[in-house]
Amino acid sequence: MTAYPQPMRLRFTVDEFYKMFELGILSEKGNVELIEGEIFEQILTQEDEKRFRSAAEILSKRLEKEAIVRVKSPLRISSFSEFLPHVSVLKFCYDFYEKRLQQSADVLLTIEFTPLKYNYTDHPKALWYAAAEIPEIWFANAEAGFIEVCTNQLRQIRIFRRGDTVRSESVPNLQIEVDKILG
C-alpha cells in the first residue's frame, strides 16, 4: 500500500502577506485578511459595502474631532494577523495615522457586518479581537435586525434590536440608533 503525503498547511507572516501583493500573487488587497497566518477572502455584496460605508459616514459626522473612523483599513493584530475591520473607530490622532499604521491599542471600537448565520460566538475574528484587547466590538446583522455589542474581552454581551439606541462604552458621547447602523 502506498502512503500518500498529507497536505501541509502553510502559515504566512504579515510581511510575507504584503510581499504576495507586491509580486502579484494576491490582487484584491481590499478584500483579503490574514488570520493566524492563513489568508481569507472577505465575501461582500454591494449591499454589505453600502451598509458599512454608510455607517462609517454617519459615525464620522457624529465623532468629528473626537475620533477617526475608517472603512476596511488594515489593523495589525500580530506578526501573523492583519484584519480589515469593516468599520474602525480610532483614538483621535492629529496626523490621522499618516506616519504609522494603526494598531490594536489605537482602536476604540470595530464594527463587523455579519451574515445571518453568525453571532459573535461563531464569528471567526471574535476571539482574535478579544485577545488583541479591542475594547468594544459590534457584530451587526442586518438580516436578523440586531447588533451584538461585545465588551470586556467578550465577557459582556448586549443585544440591541431595530428601534433601540446603542450606547458605546469605549467611545464617549457615542449613541446611535440601530437602524442607522444596519441601514
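Within the range 42-51, can one find any residue that is surrounded by fewer than 17 Cβ atoms within 10 Å (Cβ to Cβ), in a loop (DSSP other than H, G, I, E, B), touching a residue at least 12 places away in the same chain (Cβ under 8 Å) and more than 14 Å from the chain's Cα centre (by Cα)?
Taking every residue of the range 42-51 in turn, none turns out to be surrounded by fewer than 17 Cβ atoms within 10 Å (Cβ to Cβ), in a loop (DSSP other than H, G, I, E, B), touching a residue at least 12 places away in the same chain (Cβ under 8 Å) and more than 14 Å from the chain's Cα centre (by Cα).
Residues of the range 58-79 being touching a residue at least 24 places away in the same chain (Cβ under 8 Å) and either part of a helix (DSSP H, G or I) or within 15 Å of the chain's Cα centre (by Cα) (or both), which ones?
I58, L59, R62, I68, R70, K72, S73, P74, L75, R76, I77, S78
Would the range 158-178 turn up any residue that is over 14 Å from the mean Cα position of the chain (by Cα), within 28 Å of S78 (Cα to Cα) and without any contact (Cβ under 8 Å) to a residue 40 or more places away in the chain?
There is at least one residue in the range 158-178 that is over 14 Å from the mean Cα position of the chain (by Cα), within 28 Å of S78 (Cα to Cα) and without any contact (Cβ under 8 Å) to a residue 40 or more places away in the chain.
Pick from the range 80-137 the residues that are surrounded by fewer than 16 Cβ atoms within 10 Å (Cβ to Cβ) and hydrophobic (A, V, I, L, M, F, W, C): which of them is modelled with the lowest pLDDT?
L116
Among the numbered criteria (1) closer than 23 Å to L127 by Cα; (2) among the small types (G, A, S); (3) surrounded by fewer than 20 Cβ atoms within 10 Å (Cβ to Cβ); (4) out of contact with any Phe, Trp or Tyr (no Cβ under 6 Å at 6 or more places or on another chain), which single criterion is violated by S60?
Result: S60 passes all but (1).
For the range 143-181, give me each residue that is in a loop (DSSP other than H, G, I, E, B) and under 26 Å from S104 (Cβ atoms).
N152, Q153, L154, R155, S168, E169, S170, V171, P172, N173, L174
Can you confirm whether the range 110-125 contains a residue that is assigned to a strand (DSSP E or B), within 25 Å of I35 (Cβ to Cβ) and in contact with a Cys (Cβ under 7 Å, 6 or more places away or on another chain)?
no
The values are calculated or read from the model by the stated rules, or taken from the named source; none is laboratory data. These figures come from a predicted structure and were not determined experimentally. Every residue, glycine among them, receives a Cβ derived from its backbone with ideal geometry; neighbour counts consider all protein chains shown.
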